[in-house]
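The values are calculated or read from the model by the stated rules, or taken from the named source; none is laboratory data. Bear in mind that the values here come from a model prediction, so they are computed numbers and not experimental data. Ideal geometry is used to build each Cβ from the backbone, glycine not excepted, and the neighbour counts take in all protein chains shown. Remember, those area values only see protein heavy atoms, side chains included, never the ligands or the DNA or RNA. Shrake-Rupley method; radii C 1.70, N 1.55, O 1.52, S 1.80 Å.
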Amino acid sequence: QNGNMLHIYSANQWDGRYEADQLFVFEDNTARNAGDFFFINDRLIRPAQDCNGQYGKGLVLQEVVFKDNVFSFRELKRFYPNSKKWNLGMHTLNVYMDEIVIDGSRYKNIVKGSLMAKTDSIIKTILFFIRGYKKTL
């Protein structure tokens, strides 16, 4: 679900039976949707999550192209948190009329959260080396 494969389904009618129609494979982990599709200047835009290394690390805007009954996606721009307070990721971007809503994540307590993140990183590194060491025995 946070990978690089987007499964596209279709049906003959809105409330009909949907069946797998196409599989699109991205170069990296940007297959997870990050909100509703929207239009900008007659271009259909798909917001996606950058899940490379973590869930919802940032947002990716992709133009949706439909040609010869095949979907393709062209990356337009990536966005990442640039705030010290909201620094863990961005998961959702929705556009409605003149309003834009972006969902970000953060630690409730910045100091404790930063310590937890550092501790988590240290534990993962130690476990990596322990597991690697056991495999060589």
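Remarks
- Surface listing: Val60, Val95, Val101 arranged by accessible area from highest to lowest gives Val101, Val95, Val60, probe 1.4 Å.
- Potential lengthening between Lys67 and Asn94 on full extension [0.36 nm per residue; Cα-Cα distance subtracted]: 7.2 nm
- Local net charge near Gln22, Cβ-Cβ under 15 Å (Lys/Arg +1, Asp/Glu -1): -1
- Dipole magnitude of region 27-105 about its Cα centre (Cβ charges: Lys, Arg +1; Asp, Glu -1), debye to nearest 20: 300 debye
- Net charge contributed by nearby residues that have their C-beta within less than 13 Å of Leu44 (K/R +1, D/E -1): +1
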